[in-house]
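This report refers to the structure that appears directly beneath it.
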Amino acid sequence: MAKQGIRIRKSLYIVLCIGTVLSLILCIGIAFGFFTKEKIVTKEVEKEVQVVPDNYLFLGDSLTDYFDLESYFPNQPVVNSGIAGNTTDQILSSMKTRVYDYNPSKIFLLIGTNDLRDGKSQEAIVQNIEKIIEEIQINRKQAEIFVESLYPVNASVSSAVGIRSNATIQNINAQLQEYCNEKDLTYIDLYAKLQDEQGNLQTQYTVDGLHLNDAGYQVVAKVLQEYLK
């Protein structure tokens, strides 16, 4: 029995020594890079899409400038870039500060009535509006453009209408609509929403036959809200 116990202890001692030596070899191997684990990583290919944060820019003259966007479109990222008295030429000369600097995701363009005030021809007005659109498409490719029709006027209300006429406005609108159809742009016919039976701006929607009152802007806001979604 004594001899058997000695043999068992010797065997355990040998196993312990072998284990110690193997552990030492493993540690040395890992330290010197003899034993490494290979990690294979697979990654699904993803398509990169440029996304512009929601930023809805309203570009135009006094009809936009006087539009209280925050009240009509609460909790929406609206930006008012309208300046009273502006013409198409003035917008074209200030595209960076009026449009590009805001990096808009949607642009609602309403311009041209003051060009009529100044006697600019229909062809020149339409050409300038087309230039504005083309400049936006070049410099802000991701922006979605919405072209609003010029609004009707009502000369019977006051002299603010000046030399503007609804016949001329309707001709310009027809050309803008045709252009939008050709270029796959969204044309918004607000003229039809604001006119009376004679094709004039409804008196209940205006303060002077040219500019809108709250009731008029409510009509416009209701239509435009569908395009903000």
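Evaluation of Phe67 against the conditions (1) surrounded by fewer than 19 Cβ atoms within 10 Å (Cβ to Cβ); (2) in contact (Cβ under 8 Å) with a residue 24 or more places away in the chain shows that the sole unmet condition is (1).
Among the candidates Asn171, Asn166, Asn139, the residue that is within 23 Å of Tyr205 (Cβ to Cβ) and either open to solvent by 60 Å² or more (accessible area, probe 1.4 Å) or among the small types (Gly, Ala, Ser) (or both) is uniquely Asn171. Residue check: is Lys229 within 26 Å of Asp101 (Cβ to Cβ), open to solvent by 10 Å² or more (accessible area, probe 1.4 Å) and either of a type outside the set (S, T, N, Q) or modelled with pLDDT of 95 or more (or both)? Spelling it out, Lys229 is indeed within 26 Å of Asp101 (Cβ to Cβ), open to solvent by 10 Å² or more (accessible area, probe 1.4 Å) and either of a type outside the set (S, T, N, Q) or modelled with pLDDT of 95 or more (or both). Picking from Asn75, Asn80, which residue would you name as being open to solvent by 10 Å² or more (accessible area, probe 1.4 Å) and in a strand (DSSP E or B)? One residue alone meets the criteria, Asn80.
Answer yes or no as to whether Ser149 is under 26 Å from Gln195 (Cα atoms), open to solvent by 70 Å² or more (accessible area, probe 1.4 Å) and not aliphatic (A, V, I, L, M). It is false that Ser149 is under 26 Å from Gln195 (Cα atoms), open to solvent by 70 Å² or more (accessible area, probe 1.4 Å) and not aliphatic (A, V, I, L, M). Of all the residues in segment 83-123, those that are surrounded by 13 or more Cβ atoms within 10 Å (Cβ to Cβ) and assigned to a helix (DSSP H, G or I) number 15.
If you go through segment 99-114 and pick out every residue that is under 11 Å from Val79 (Cα atoms) and either hydrophobic (A, V, I, L, M, F, W, C) or modelled with pLDDT under 95 (or both), you end up with 3.
The values are calculated or read from the model by the stated rules, or taken from the named source; none is laboratory data. This is a predicted model, so every value here is computed, not measured. Glycine also receives a Cβ, built like all others from the backbone with ideal geometry; neighbour counts cover every protein chain displayed. We work out accessible area using only protein heavy atoms, side chains counted, and drop any ligands, DNA or RNA first. Shrake-Rupley method; radii C 1.70, N 1.55, O 1.52, S 1.80 Å.
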